[in-house]
1. Long-range amide H contacts for H308: which residues qualify at under 5 Å (H placed 1.01 Å from N, peptide plane, sequence gap of 5 or more or a different chain)?
2. Highest mean first, what order results for 320-326, 378-384 on Cβ atoms within 10 Å?
3. Could you sort out which of K53/K206; K122/K206; K53/K96; K52/K196 sit more than 20 Å apart by Cα distance in this structure?
4. So how do D345, D144 rank on accessible area, 1.4 Å probe, biggest first, that is with the largest at the start?
5. With label points built 7 Å along Cα→Cβ from the Cα atoms of A229 and Q217, find their separation and express it in nm.
6. Taking the mean number of other Cβ atoms within 10 Å as a proxy for protection, how do you rank 192-203, 49-60 from highest to lowest?
7. With a cap of 10 neighbouring Cβ atoms within 10 Å, and only residues DSSP puts in a loop, list the chymotrypsin sites (Phe, Trp or Tyr not before Pro) found in region 102-181.
8. Note down the Stokes-Einstein diffusion coefficient of region 357-406 in µm²/s, whole number, using a Kirkwood radius over alpha carbon pairs, 20 °C, and 1.002 mPa s.
Amino acid sequence: MRQKKRLYQAIACILICFFCIQAGFQRESLPVYASVTKESIRAKERQITAAKKDRESLKNNKTDLEKLKKQLEGQKSDLNAYISNLDASLTSIQKKIKDLESSIASKQAEIEETQKQLEEAKKIQKKQYEDMKVRIRFMYEKGDTYLLELVMSSQTFGDMLNKAEYVSQVSSYDQKKLQEYAQTTQLIALSEKALKEEHETLEAAKNQLSSEQASMQSLMQDKQKQLTAVNSDISNKEVAIAEYEAQIKEENDTIAALEKALAADKASLASRPKYDGGMFTWPCPGYTRISDNFGMRMHPTLKINKMHNGIDLAAPVGSSILAAYKGRVVAASYSSTMGNYIMIDHGGGLYTLYMHCSALYVSQGTEVKAGQNIAAVGSTGRSTGPHLHFGVRLNGGYVSPWNYLKG
Ligand SMILES: [Zn+2]
């Protein structure tokens, strides 16, 4: 009896070792078992194929961010198009992320289901194993050693099943039990493989999710950058436009002022009567002595032979100077040579000049009549004594005043 007990222990040990190698040994035992069928094995095989396919499509599905970015870079010149394409890419990546999240969730559910099936199969295997031990012990005690011999002589599990089919002593009951055990073992192996595949698919999905999220983040940052650039570009343009508009306004104002001045000039030019050929009024009433006449003579102060371009009328300081003819004062000013002087435009290119004055009574722009008191005799500028230098210019050059004066 002691010897028998040791033998059972040895058998159990062999079986444990044998099945440990085949499918792994489970210590826990629970009383509820589902049956393992050919269909459940085929389902497990389909599950493995599906997981592999999922993983492959995940790999192919990956967004080519670099390509996308390059493509977008090319469109950067058209910022509106760039932004709208960026938005479209973001939408597509967001959809992809959502799909990935849902595929991760369903993969996790599949893994849980497979895990449950695996545990179930292991419980079935454990029960089948315990039953087999009991059966071998029972057969051995009955004197039938074929089951024990079968186990002992088999190198592998498949070898044992193969032998069981051909050894005549193995009953159809034991064959069936062995087949069931083999199926369970196969299911366990497949479940573990499916679990591995599903874990790998889950890992791939998670990796892709984080890569897509990184892509999205990068695109969002890019968009933010572009929007900032566009906005700053717009505000720069607005500043430039405002400056440009101010410049245009200034120019317009200047042109308007010039046009207004021009219009006034044109009007005054049109209204200005041309010199009508009338004789001049004597410019220094009561003083007819000519101290220096028009023409070449020795200059009194420079002591050189020089052209005297007007007539000098000797008169006391303060004597009246009259406009020789009607016209418009174009200059009432001072120079170091002319002293205080007046220049009157009479139209038709004819001007009169009055120099060395002590006082001026008109200013630039004044319209004067013939005989109007316009200044007082003096000795300002290059002058040796009080007198009126009276000059006449016609078409840009001096002419003899006597052409216009009653001599
Ligand atoms: Zn003179």
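1. When sequence neighbours closer than 5 places are left aside, the close amide H contacts are G295, M296, R297.
2. Order by mean packing, descending: 320-326, 378-384.
3. K122/K206
4. Values: D345 25, D144 60 Å².
Per-residue accessible area, sorted high to low, gives D144, D345.
5. About 2.2 nm separates the two model spin labels.
6. The packing order, highest mean first, is 192-203, 49-60.
7. Passing both the DSSP loop test and the Cβ count: no residue.
8. In µm²/s, the coefficient is 166.
The values are calculated or read from the model by the stated rules, or taken from the named source; none is laboratory data. Not measured: the values here are computed from a predicted model. Note that each Cβ is placed from the backbone with ideal geometry, even for glycine, and that neighbours are counted across all protein chains shown. Please note that ligands, DNA and RNA were not included when accessible areas were found on the heavy atoms of the full protein model with its side chains. Shrake-Rupley method; radii C 1.70, N 1.55, O 1.52, S 1.80 Å.
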